[in-house]
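Below is one structure, written out as structure tokens, with a few remarks after it.
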């Protein structure tokens with residue numbers, strides 16, 4: 001893959017930020033953090049920009065399920081939002097959210113921080129959908145503050161078009177794991193909360209023109225392709241993630257490494273030509289999407 | 001608690017065994033093991049008893065959800081099974097399963113092995129609902145084969161009345177974890193499969209009168225009470241499992257130990273009078289049941 005030139009998209013001043021949870025109703029850390037911020041609005045009031053919170057999919061949250069009719073976080077393509085014939089629950093919800101804070105609303109937001117969690121071992125991951133300078137410098141700052149933070153770029157996967165965060169000029173997904181759907185763990189709750197404050201602090205520095213990056217390096221994992229489970233002719237999966245790969249997100253997968261284990265105990269090996277770095281290994285919600293993992297390429301770039 | 005005298009309930013010969021998966025549709029290890037056994041019936045044919053398999057809740061399995069209308073594994077009280085006015089999906093399913101293999105069916109089963117998984121760190125757990133000699137000796141045998149196997153007795157919690165496994169003369173729940181709902185891990189899949197074969201081997205030895213226990217000791221964790229999350233007046237949870245307790249199932253919880261952590265960061269301590277051993281800590285499906293964990297008492301008994 002060629003080096004990606006950062007786009008020139010930029011922002012003068014951050015005025016409106018939205019912190020979103022419950023885009024998926026069974027990802028409890030975001031849900032409970034939105035509730036906490038609603039109970040303690042003072043936590044978000046010391047900034048030069050305004051911060052609103054949004055519990056994005058209340059019916060799914062109430063049912064502790066990812067979604068009711070369709071995945072809300074795949075429902076924000078402009079075509080869908082403008083299509084009056086789409087009236088299922090998440091279609092209507094997407095239109096409401098777009099009208100509330102989208103680019104054509106009365107109060108468009110500059111930055112969306114959408115809080116997600118995953119059964120994969122992503123630790124603390126910032127997902128970026130574009131590689132413009134504003135985005136990359138924020139990502140670099142976060143890695144300098146906390147070197148365990150990983151940055152996953154979906155620039156080649158189209159998430160800039162369909163995700164809730166795409167409504168903002170700059171959208172970020174905070175993806176933490178591993179954690180089971182429907183479960184809260186205090187450790188990841190506190191780490192996610194701290195990451196939110198770190199990002200808000202950065203935006204404040206940005207507004208005050210006080211950003212100082214210790215260096216301009218950034219390690220980014222760029223999406224290459226999604227890999228499905230081996231399946232039979234009926235679409236039934238025939239193998240599981242290999243034990244040697246389970247929970248090894250962001251680690252190098254070499255040609256010939258173990259990838260899957262069939263139910264009969266046979267190993268299936270990675271037969272690609274190059275070293276890749278899988279992410280979203282064994283994410284519960286991706287079985288139905290036909291994704292066992294996403295392969296990425298690891299890049300060290302200057303921002 | 002007083003020592004429980006083993007009941008005299010016994011069995012002459014094991015004739016019919018049912019291996020059940022998918023009682024909860026999002027506990028994938030049991031689902032996929034039932035599918036494997038269906039594809040490879042030879043795996044279950046070398047015994048002096050017949051083994052049938054059952055995918056208990058097919059609609060929930062298809063939807064990758066615990067249940068459709070109500071928890072199937074709380075739907076087998078005899079009163080419910082005989083109540084013609086109960087017609088929701090799992091009510092109908094429970095009646096069908098009762099008619100297929102229950103005590104009043106044409107082909108009542110002697111032993112049910114119901115395969116479950118949990119987001120709690122239960123490792124390999126055998127759940128027993130009664131402490132009769134047959135059950136305790138089987139449990140002791142399993143611990144002698146694999147010392148990591150834990151035995152959790154629900155004798156004081158009423159599960160003998162409402163669980164699917166209660167349809168058999170001797171019902172056992174295999175509960176493995178930690179694993180997220182909707183996810184398969186190869187490690188726990190293979191361990192569960194091995195445990196099934198070990199139990200079937202034991203039943204074969206039982207039929208041949210060849211059971212030989214190296215010793216008659218058994219460590220059992222007996223249910224004492226369920227503990228809910230701290231909640232506000234609206235029923236909303238106010239705290240999470242404390243990081244020092246998360247994943248510490250079967251470990252001693254002493255009076256004064258950390259138990260919960262509020263969203264504001266305050267620790268709530270265990271204020272009981274005695275040392276207890278929590279299980280089902282932070283099980284995803286138990287939030288709606290108002291259970292943050294079940295406290296048990298650890299007992300070493302002679303079977």
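Please treat every number below as a calculation from the coordinates, not as lab data. Just so you know, these numbers come straight off a predicted model, no measurement behind them. Here the Cβ positions follow ideal geometry from the backbone for every residue, glycine too, while neighbour counts run over all protein chains shown.
Highest GNM mean-square fluctuation among A:141, A:277, A:104, for chain A modelled with Cα contacts below 10 Å: A:104.
Over chain B, dividing the summed -39,500 (n - 2.57) contributions of all DSSP H runs of at least 4 residues by the number of residues returns a 222 nm mean residue ellipticity of -7000 deg cm²/dmol. Distance distribution note for the stretch B:71-179: the fraction of Cα pairs above 25 angstrom is 25%.
In the calculated pair distance distribution of the stretch A:192-256, what percentage of Cα-Cα distances lie above 16 Å? Here the long-distance tail beyond 16 Å is 72 percent of all Cα pairs in the stretch A:192-256.
Working from the Cα coordinates of the stretch B:1-82, the gyration tensor eigenvalues give, after taking √(5λ), semi-axes of 26, 23, 12 Å in decreasing order. Max-minus-min Cα coordinates of the stretch A:76-124 on each principal axis give 39, 26, 15 Å, with the largest extent listed first. Both the radius of gyration and Dmax for chain B are 19.2, 60 Å, in that order, over alpha-carbon atoms.
State the percent of C-alpha pairs, over all pairs in the stretch B:1-146, separated by a distance greater than 28 angstrom. The answer is 24 percent, as a whole percent.
Over all directions, the projected convex hull of the C-alpha atoms in the stretch B:121-227 averages 7.5 nm² in area. On the principal axes of its alpha-carbon atoms, the stretch B:146-303 has extents of 60, 36, 30 Å, going from largest to smallest. Using only Cα atoms, find the angle between the long axis of helix A:28-39 and the longest principal axis of chain A, and express it within 0 to 90 degrees, rounded to the nearest 10. With rounding to tens, the tilt is 10 degrees. Summary of packing: across the peptides B:112-124, A:233-245, A:75-87, the per-residue average of other C-beta atoms within 10 Å ranks them, highest first, as B:112-124, A:233-245, A:75-87.
Here the stretch A:224-296 has an Rg and Dmax of 11.4, 32 Å, counting Cα atoms alone. In whole percents, the pair-distance distribution calculated for the protein assembly as shown from its alpha-carbon pairs, binned every 20 Å from zero, is 19, 49, 27, 5, 0.
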